[in-house]
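No value in this document is a laboratory result; all are computed from the given coordinates. Keep in mind that what you see is a predicted model, and the values were worked out from it rather than measured. So basically every Cβ, Gly included, is an ideal-geometry build from the backbone, and we count neighbours across all protein chains shown.
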Amino acid sequence: MADPGVGRGLFAARLTASLMPLNSTMIAVAVPSIAHQFHHSSATVTQALVATYLIAAIALQSPGGKLGDRIGHWRVFALGQGAIGLGAVLGFLAPSLAVLATSRILMATGGALVVPATVALLRVELPPEQRGRAFGSFGATMAFAAALGPILGGVLVDAFGWEAVFLANVPVLAVSAILAASVQHVRTPSGTAAFDWPGSALLTAGLVLVVLGAQQKNADAWPLLAVGAVLLCGFGWWEGRAGDPVVAFDLFRSLPFTAGTLLIGLQNLVMYALLFELPLVLENRFDLKARETGQLLIFLMVAMVLLSLVAGRLTDRLGPRPLAVTGSAVCLAGILVMLRSDLHHSGDVRLPLALLGVGLGLSGPAAQTASLSAIDAARSGMAAGVSSTMRYLGGVAGIALLGRLVDLHGSRAEVLHEHHTVVAVFTGVLVVGLACALALPGPAARATSTPVEQVPVSPEA
């Protein structure tokens, strides 16, 4: 990196990006207090503040990434910082649940700008031999933030009230803005066609309806899913004709990009579904409280964070495939151990969760490095947006699949049977993930592309 300020800027980008998973999980512990203050049920507050955040985050990732290709990733990063900050202040001052929901949508919009911009900047600003380490650090930071959210949220709510969950974003954003201030704004050369607003609108509306439909368990789901599917088909038709599409489908002609992106989505499907399913199973069988369940789930999170840091460096040395295959195989071993367990003791989940954490930590940086390095730097924002969208869609698909496979409210024997059914499905998902890992580049095919020359842009441009 020629500019020493870029190193500080990339740290600032990772710091700001970590606010997205942090805010996603930190809000959970504030829901009861918010429900009490605004006289709504916890279910209503959860839909207003959690579901809307997730939907906005999913729907806006790809347009956010494409915008970075058009006007520069540092500029989009700054816009995202502003949106998160505005949403945080609005949430702190919110006089009603409607205003609070608006603040959450603003924060999710900012996150949907920041996360693809950060991933693209790691791709564009760093040479190939440093990307694995950077993506490993990025993955560890995001996982740590997600795990820290409920703990930090509990401390803040108990000490200062639910408003502190929103205000806590402000000092982080201030530090990040100071660190990134020395970075020269740059813009990669882009096409002259107008930004693809119709494609962005079709994609956003289609994803919103599909995600809403996936969250329904009754007949109301099918109209939402059907209309969403029609809009997404319309999006595909339009993108083939757009001058500068928000998602160019020729990205998927690259086997490393497709396999790496799909691997990330499939592993997220399993991880997020288990994070929702296991607490219910453990409560049913052993009457575990949330704190005790959290102490078991920490085996997955700690292993994933630590191995992400190691895997990034190894990916730079060995190439993506060895790490992705090893990690996918360890994930599969963990889920098979869980499948064979009859859960006689709550501690029976420690080993499979630790194995899953190790596997996810090993394979995640490798998949991210392979998928982003396979795409030319001028389209890194688009690629990062698609990858981030798949990551979140994997989580939504896992939770939706869980809702359709199990009830988890029967007898202990019935719940155990349902748990084994879910884990058997996850086994199949991870087998497909292993096949994707095998399609990634090996040691002899490490990323050799270099960032395209960037054009400095004056502040007035």
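Data table
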read-out: The chain, helix-only ellipticity at 222 nm - DSSP H runs n ≥ 4, -39,500 (n - 2.57), divided by all residues, nearest 500; value: -26000 deg cm²/dmol
read-out: Global geometry of region 228-368, whether rounded, prolate or oblate, following the gyration tensor of its Cα atoms and the 1.5 cut on a/c; value: oblate
read-out: Rel. contact order, % - alpha carbon contacts under 8 angstrom, at least six apart, region 1-182; value: 41 percent
read-out: Charge dipole (debye, nearest 20) of region 247-447; +1 at Cβ of Lys and Arg, -1 at Cβ of Asp and Glu; value: 560 debye
read-out: Relative contact order [Cα under 8 Å, 6+ residues apart], region 247-447, whole percent; value: 42 percent
read-out: Inverse mean reciprocal Cα-Cα distance (Kirkwood Rh) of region 1-182, Å; value: 16.5 Å
read-out: Selection from Leu405, Ser380, Ser62 lying farthest towards where the dipole of the chain points positive, charges on Cβ; value: Ser380
read-out: From the coordinates shown, percent of Cα pairs over 31 Å apart corresponds to which of (1) 43; (2) 40; (3) 54; value: (2)
read-out: Two-site label geometry, Lys289 and Ala194: point separation in nm, points 7 Å out along Cα→Cβ; value: 5.9 nm
read-out: By average C-beta atoms within 10 angstrom, highest first, the peptides 359-366, 205-212; value: 359-366, 205-212
read-out: Given charges at Cβ of Lys, Arg, Asp, Glu: the chain dipole, positive-most of Pro443, Ser24, Gly364; value: Pro443
read-out: Computed magnitude of the charge dipole of the chain (debye, nearest 20; Cβ of K, R +1, Cβ of D, E -1); value: 600 debye
read-out: Listed residues Pro320, Met301, Ala242: farthest to the positive end of the dipole of region 222-327 (Cβ charges); value: Pro320
read-out: Likely footprinting exposure, Asp407, Asp316, fewest C-beta neighbours within 10 Å first; value: Asp407, Asp316
read-out: Within the chain, longest stretch free of exposed GluC sites (Glu not before Pro) [DSSP loop, at most 10 other beta carbons within 10 Å]; value: 1-452
